[in-house]
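Below is one structure, written out as structure tokens; the observations come after it.
The values are calculated or read from the model by the stated rules, or taken from the named source; none is laboratory data. What you see is a predicted model, and the numbers here were worked out from it, not measured in a lab. Don't worry about glycine lacking a Cβ; one is built from the backbone with ideal geometry, like all the others, and counts go over all protein chains shown.
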Amino acid sequence: MTETVSRATVEAFYLAYTSGDPDRIGAVIHDDVEWHVTGPVDAIQVCGSWHGRAAVVDRFAQLVPRILSSRKLDIEHLLVDGDRSAMFGRMTTRHRPSGRVISHRASHIARYRDGKVVYFRIVSDSFDAAEQFLGHRLNIGDRAPDSGDIVAL
């Protein structure tokens with residue numbers, strides 16, 4: 001039987017997550033956590049996949065502080081259902097190498113086991129975020145798409 005996660009547990013996870021503190025984050029994630037951040041790793045170096053508590057804690061202890069100096073998450077929608085949660089909001093951070101403020105839409109899908117996050121996926125407006133990380137607009141061509149073109153949204 002699937003266990004139910006409480007809204008309080010989900011909110012406690014987000015308090016730890018937004019703190020950026022590796023120890024606080026480590027306390028609310030499962031030993032077997034799968035952590036995925038979608039996006040172009042070459043432009044947004046905090047994107048990628050990590051498996052296991054130690055790898056995720058190391059991400060927050062080593063990688064994230066080199067790239068980001070602060071973080072704020074404005075949660076617009078937070079849904080909790082069974083052993084899962086979904087969040088939609090806006091992440092605002094400061095890009096440490098350039099000093100630029102990066103602000104983009106993001107959604108999170110999480111699954112919980114034993115009261116801890118065991119699966120976490122961030123899906124963000126990575127095109128917008130990549131332009132902000134790089135400090136310039138991305139060239140996607142000079143023409144508008146034809147009605148028969150496939151355009152990924």
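How many of the residues making up region 72-90 are of a type in the set (Lys, Arg) and over 13 Å from TYR14 (Cβ atoms)?
2
Scan region 1-38 residue by residue and report those that are within 18 Å of ARG53 (Cβ to Cβ), in contact (Cβ under 8 Å) with a residue 40 or more places away in the chain and of a type in the set (Asp, Glu).
Answer for region 1-38, where residues must be within 18 Å of ARG53 (Cβ to Cβ), in contact (Cβ under 8 Å) with a residue 40 or more places away in the chain and of a type in the set (Asp, Glu): ASP32, GLU34.
Name the single residue, out of those in region 75-133 being of a type in the set (S, T, N, Q) and under 12 Å from the mean Cα position of the chain (by Cα), that is surrounded by the most Cβ atoms within 10 Å (Cβ to Cβ).
THR93
Considering only residues that are without any contact (Cβ under 8 Å) to a residue 24 or more places away in the chain and either part of a strand (DSSP E or B) or among the aliphatic types (A, V, I, L, M) (or both), which ones fall in region 80-100?
ASP81, PHE88, GLY89, ARG90, THR92
Go through (1) polar (S, T, N, Q); (2) without any contact (Cβ under 8 Å) to a residue 24 or more places away in the chain; (3) under 30 Å from ARG137 (Cβ atoms) and name the single condition SER103 misses.
(2)
How many residues does region 101-140 hold that are within 29 Å of GLY82 (Cβ to Cβ), part of a loop (DSSP other than H, G, I, E, B) and at pLDDT below 90?
Number satisfying all stated conditions: 1.
Across region 25-51, which residue is farthest from the chain's Cα centre (by Cα) among those that are part of a loop (DSSP other than H, G, I, E, B) and among the polar types (S, T, N, Q)?
GLN45
On the given criteria, is ALA43 surrounded by 14 or more Cβ atoms within 10 Å (Cβ to Cβ), in contact (Cβ under 8 Å) with a residue 40 or more places away in the chain and out of contact with any Asp or Glu (no Cβ under 8 Å at 6 or more places or on another chain)?
Judged against the criteria, ALA43 is a match.
Please determine whether any residue of region 14-24 is in contact with a Leu (Cβ under 7 Å, 6 or more places away or on another chain), surrounded by 13 or more Cβ atoms within 10 Å (Cβ to Cβ) and assigned to a strand (DSSP E or B).
No; the residues of region 14-24 include none that is in contact with a Leu (Cβ under 7 Å, 6 or more places away or on another chain), surrounded by 13 or more Cβ atoms within 10 Å (Cβ to Cβ) and assigned to a strand (DSSP E or B).
Take ARG53 and tell me if it is buried (at least 17 other Cβ atoms within 10 Å of the Cβ), farther than 29 Å from HIS136 by Cα and charged (D, E, K, R).
yes
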